[in-house]
Amino acid sequence: MNNIETNTAIGTTTSNKMIKPIALAATVFIAMLVSSSSFAHQFDIDSKGAEAIKQHQQLMNQHIQVAEQEFNAELEKNLDQQLQTAAHKFMTQACTKYGLEFDTQSETCSS
C-alpha cells in the first residue's frame with residue numbers, strides 16, 4: 001500500500017513540474033503559428049518582408065528546439081534522481097527486513 005502511495009506521489013510531483021513548461025512551450029508554439037500564418041498574410045508583403053518573416057520563423061524554430069532539448073534534459077535528470085532515490089529507499093527497506101544494511105557504494109546488502 002505504501003508503495004502505491006509513493007509511486008503516486010512521485011508521479012504527481014513530476015506531472016506538476018511538467019505542466020508549466022509544457023503550457024509555456026505550447027503557448028509559444030501556438031503564438032508563432034498564428035502570427036506567422038494568418039497575421040502575415042493580411043498585408044501585402046514584398047520580397048524583403050517575406051524573407052524577414054522566413055528568417056524570423058527559422059530563428060523561432062531554433063529557439064524552440066533548444067528549449068525543448070533543455071526541458072527534456074531537465075525531465076530526464078529529475079526522473080533519474082527520483083528513480084535512484086526510490087531504488088535506494090526500496091533496497092534500504094529490503095535489507096533492513098533481513099537484518100542487513102544497504103551499502104550505497106556497492107548498492108548491495110551487507111552485514
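The values are calculated or read from the model by the stated rules, or taken from the named source; none is laboratory data. All figures in this text were calculated on a predicted structure; none of them were measured in a lab. Please note: Cβ atoms are built from the backbone with ideal geometry, for glycine as well, and neighbour counts cover all protein chains shown. Surface accessibility is based on the protein's heavy atoms, side chains included, excluding ligands, DNA and RNA. Shrake-Rupley method; radii C 1.70, N 1.55, O 1.52, S 1.80 Å.
Quick look at the values:
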item: Residue in region 45-54 that is of a type in the set (Gly, Ala, Ser), at pLDDT 70 or above, out of contact with any Ser or Thr (no Cβ under 6 Å at 6 or more places or on another chain) and open to solvent by 70 Å² or more (accessible area, probe 1.4 Å) present; result: yes
item: Selection count where residues are surrounded by fewer than 13 Cβ atoms within 10 Å (Cβ to Cβ) and either in a helix (DSSP H, G or I) or under 31 Å from the mean Cα position of the chain (by Cα) (or both), scope region 90-100; result: 4
item: Pairs, first farther than 22 Å from LEU24 by Cα in region 43-69, second open to solvent by less than 100 Å² (accessible area, probe 1.4 Å) and among the polar types (S, T, N, Q), C-beta under 7 Å, six or more apart; result: ILE53/SER36
item: ALA86 among the small types (Gly, Ala, Ser), touching a residue at least 60 places away in the same chain (Cβ under 8 Å) and out of contact with any strand residue (DSSP E or B) (no Cβ under 7 Å at 6 or more places or on another chain); result: yes
item: Hits in region 101-110 - residues which are over 29 Å from the mean Cα position of the chain (by Cα) and either assigned to a loop (DSSP other than H, G, I, E, B) or not β-branched (Val, Ile, Thr) (or both); result: GLU101, PHE102, ASP103, SER106, CYS109, SER110
